[in-house]
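Computed from the coordinates by the stated procedures, all read-outs in this text should not be read as laboratory data. Note that this is a predicted model, so its numbers are computed, not measured. Methodologically, a virtual Cβ is constructed for each residue, glycine included, from the backbone with ideal geometry; neighbour enumeration extends over all protein chains shown.
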């Protein structure tokens, strides 16, 4: 008895799919608004929205649907609340322009929200004047591709995040551009996420904010001029590759903040003109390989207990401070990096300096201890004590040195 | 006084040293711009030079000029000229010619590289203004030292010592007291300690205008807040002017009582 | 013309002038003599206001010179060491000094001719020999027509012809009724021109009067010996 029912069901499904219709929405079509189109559509139907302005919000999608915009039709939420909520599997949204999401202090209204669904595809959306952009809630196996999110955030408390993932699994976030929101991309309790080729710029707080999320990869993203930079916290097994962290330049800004991150890989990234390139707190067993640190205030700031980290083949160019430590203990290794402030020599011409390099300056040690002393930055006295500390270290960890400083920068062209 | 100023200035404008000084700045400007081609970067590098070298050169040049023109001074003393006019005239002659070498020497390369069409113009002018102030201050201090020491070697020694104190040792003491009293709120202290030393004051004024001010963190924010207000600007300018006028007062006073 | 009362001056612990009282009348040549360190130059510099006395008063034509500078318009001074700002030329220096005494008429042309300085006019002072510098010094001193002339070792470095010219100049100025104060180590020169001698010894005036009076006082036949005898008696 069981088998025929299964076959019947299968046929029903197949048949259902087979008669999937395309529904058009436009001013002169039979469907004049999206809400009725969604309500009338059968599962697996495609809804084509023609160019135009649709003043709608609270659109709940509760069945598998493909919604495609032609020529970027505008859905104007008129600040009333959430606009699209996906509560079914297999939903595709493509090519819409969604504006004027409602702002609330109690509910996180989003332009597009995915709730407990699988196999979703959200692509080519343009989101403007929003509160939250794309909000994935307990969603799995989906993709968020090539969306442009342009916010107008002014205050942290009254703005939302560009792309937010909360308790998600196996989602790809690729090729999105996110500007001027609170956090560009926000992840919490989300595992096996791939974040790739995104541009996150001019956001109020973090370009990327990462909490309690493991086994995630992010690569080839650009994080630029965000209020605080990128924060990765309380997570394990993260791979960060080929990203650019640039111009996060403010009194409390950094390119990348690592807090309680373990067993991760940071390679081929560029840290340029950040107040702090990487700020590391309580992070262990991380490999830093082939990164470039250029013109940062501090290239790497190590605070708190950080053990068994390896810095290898990185380039440090013209940073005010290369490495800063706040303790005399060192359990991290620096080996075979290029330091632009290295002044040693190479008699046997093997490309490796014959004198070890000490990346921690005395002044950076003092500033760590007494932050007010930073006011003496660039004083001649500081140069003198830095020099004497370099010659005979007293205050800085004496095993903190690069035994094999390179004379020429490493070229990381081969990815 | 203006007659003396005129002749001292004229005398210096023809001296080899003014040209050396002028050419040094000219070359420095061109080399810096040639090396990194970025106006605002060059301005930052220049800051280090101005903070250290301008006071040093002002001091040495001031002392040297005073001792070298001793006979000239005696010639003038027998003329119907007021004593303080002689020394103030000589002082302004030296200080102005040094300031001119600085401003023109650095100005030319930067104009050449298009400073007028650059955002760095404000920073650059600030740099030159502080440079001029430091010249005025340290030449005046040098004159006071030279006036009180007839022994050339001693005079040079004290002058170098003074420079060393304000450029290096002062910061050392400053740093030690910051570290020593780290448990106390230090904002006011560091503000005052900075205001009291013209080199530190200039350094901080310039640093705050540059974008490396972000490195200064919380302390920088406190300073920014202070120096950003009108009161802060007036107070720091007043401090610099005071640093010029107090030594000038001493030049007058000492020159009126001194035997030649 | 000059009246000095109870003049004291100390340099550190060294008491140089120990109460000088001196009246110098209008007209005539006064030679201030004395061994090294007797206070000759200090006395002259006090009159010029270059040295500030510890006590006592100096009056020029009845007016105190203290804290005044305009009275130096009436004084021409020839300093002992002629060193000038090296970057100026002779012509510029002369013009400068004239400029400093702006309203004075000067007869620099005549003096330049007298000392044959024309070839040096556009040379820098740092390139001149000691003697030439002294000639420039003389031009600067004599080109103004001031009632008081003070000459500190005027003969230093001069060749015989210029020496002669200098003597002529001094007598000429004397004829105009000027007061001339001279210090010198060359006794023959002093004897030849001085009307009156002021002899300083250890910061005090030991003798003031004419040369004959000095000879009588020391019971010596000639001037040079008279001076020598003062020195030997005082050193014993």
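Only helical DSSP H runs with n ≥ 4 go in: add -39500 (n - 2.57) per run for chain A, normalise by residue count and round the 222 nm mean residue ellipticity to 500 deg cm²/dmol. So the calculated ellipticity at 222 nm is -3000 deg cm²/dmol. Assign one of three labels to region B:2-257, namely rounded, prolate or oblate, based on the Cα gyration tensor with a ≥ b ≥ c the square roots of its eigenvalues; rounded applies when a/c is under 1.5, prolate when it is not and a/b is larger than b/c, and oblate otherwise. Because a/c hits 1.5 or more and a/b fails to exceed b/c, region B:2-257 counts as oblate. Both radii come from the Cα set of region C:130-218: Rg as radius of gyration, Rh as Kirkwood radius; their ratio Rg/Rh reads 0.98. The packing ranking of peptides B:46-53, A:389-396, C:186-193, highest mean first, is B:46-53, C:186-193, A:389-396, where packing means the average number of other beta carbon atoms within 10 angstrom of each residue. Solvent-free Debye calculation, one equal scatterer per alpha-carbon of the protein assembly as shown: log10 I(q)/I(0) at 0.09, 0.10, 0.11 Å⁻¹ equals -0.98, -1.10, -1.22. For chain A, the equivalent ellipsoid built from the Cα gyration tensor has semi-axes of 51, 22, 17 Å, listed from largest to smallest.
For region B:16-60 and region A:149-181, write down the distance between their C-alpha centroids in whole Å. Distance between centres, Cα-based: 48 Å.
Figure the gain on full extension for residue C:129 and residue C:192 (residue separation times 0.36 nm, minus the Cα-Cα span) and round it to one decimal in nm. List each step's numbers first, then the result.
Numbers: separation 63, 0.36 × 63 = 22.68 nm, distance 2.76 nm.
Full extension from residue C:129 to residue C:192 adds 19.9 nm.
Can you give me the angle between helix B:230-257 and the longest principal axis of chain B, using Cα atoms only, in degrees from 0 to 90, rounded to the nearest 10? In chain B, helix B:230-257 runs at an angle near 20 degrees to the longest axis. Across chain C, the convex hull enclosing all Cα atoms gives 135 Å³ per residue. Take the Cα of residue A:326, step 7 Å toward its Cβ, do the same at residue C:15, and the gap between the two points is 7.2 nm. Considering helices alone, the calculated mean residue ellipticity of chain B at 222 nm is -28000 deg cm²/dmol, with DSSP H runs of length four and up weighted by -39500 (n - 2.57) and normalised per residue. Size descriptors for region B:172-260: radius of gyration and Dmax over Cα atoms are 16.5, 54 Å.
Which of the three applies to region A:250-415, rounded, prolate or oblate, going by the alpha-carbon gyration tensor with a ≥ b ≥ c and a/c under 1.5 meaning rounded? Rounded, since a/c falls under 1.5.
Ranked highest first by average number of other Cβ atoms within 10 Å, how do C:33-39, C:141-147 line up?
Listed from highest to lowest mean packing, they are C:141-147, C:33-39.
Per-residue mean of foreign Cβ neighbours for B:75-87 is 6 (Cβ atoms of other chains, 10 Å radius).
Quick one: if the Förster radius is 56 Å, what FRET efficiency do residue B:117 and residue C:159 give, using the C-beta to C-beta distance and rounding to 0.05? In this case the efficiency is close to 0.30. If R0 equals 30 Å, the separation of the Cβ atoms of residue C:121 and residue C:175 corresponds to a calculated FRET efficiency of about 0.55.
Reported value for region A:21-227: 96 Å³ per residue, from the convex hull of its C-alpha atoms.
Evaluate region A:273-320: find the radius of gyration of its Cα atoms, find its Kirkwood radius, and give the ratio Rg to Rh.
In region A:273-320, Rg relative to Rh is 0.97.
Each peptide in A:130-137, A:185-192 was scored by the mean count of other Cβ atoms within 10 Å over its residues; highest first, the order is A:130-137, A:185-192. Taking a point 7 Å out from the Cα of residue A:335 in the direction of its Cβ, the residues of region A:373-405 whose backbone N falls within less than 17 Å of it are A:399-405. What distance in nm lies between label points placed 7 Å from Cα along the C-beta direction at residue A:390 and residue A:60? Here the modelled spin labels are 6.8 nm apart.
Peptide B:167-179 shows a mean partner chain C-beta count of 5 within 10 Å per residue C-beta. By its C-alpha gyration tensor, with a ≥ b ≥ c as the square roots of the eigenvalues, how is region B:108-260 shaped: rounded for a/c under 1.5, else prolate for a/b larger than b/c, else oblate? Oblate. Between residue B:235 and residue B:253, full extension at 0.36 nm per residue minus the direct alpha carbon distance yields a gain of 3.9 nm.
Would you mind calculating the relative contact order of region B:2-257 from Cα pairs under 8 angstrom and at least 6 residues apart, reporting the percent as a whole number?
Averaging sequence separation for qualifying contacts and normalising by length gives 28 percent for region B:2-257.
What full-extension length gain, to one decimal in nm, is calculated for residue B:242 and residue B:108 as 0.36 nm per residue of separation minus the Cα-Cα distance?
My answer for the length gained is 45.2 nm.
To the nearest ten degrees, helix B:83-112 and the longest principal axis of the Cα atoms of chain B are 40 degrees apart. Normalising the average separation of contacting C-alpha pairs (under 8 angstrom, six or more residues apart) by the number of residues puts the relative contact order of chain A at 6 percent. When the alpha-carbon atoms of region C:67-177 are used, the pair Rg, Dmax equals 13.4, 41 angstrom. Placing a pseudo-label 7 Å from each Cα along the Cα-to-Cβ vector at residue A:346 and residue C:55 gives an inter-label distance of 8.1 nm.
To make sure I understand, if each residue's beta carbon is the centre and we count other beta carbons within 10 Å, what order do B:59, A:22 fall in, fewest to most? Could the numbers behind the result be given before it?
Details: B:59 29, A:22 11.
The fewest-first ordering by Cβ neighbours comes to A:22, B:59.
Binning all Cα-Cα separations of region C:1-108 at 5 Å, short to long from zero, yields these whole-percent fractions: 2, 9, 18, 20, 19, 14, 10, 7, 1. In percent, rounded to a whole number, the relative contact order of chain C is 27, using alpha-carbon pairs under 8 Å and six or more apart.
For the residues of C:37-50, the average number of beta carbons from a partner chain within 10 Å of their own beta carbon is 2.
Helix A:2-18: angle to the longest alpha-carbon principal axis of chain A, degrees 0 to 90, nearest 10? Compared with the principal axis, the helix lies near 90 degrees. As a calculated quantity, the FRET efficiency between residue C:3 and residue B:154 at R0 = 51 Å, using C-beta atoms, amounts to about 0.85.
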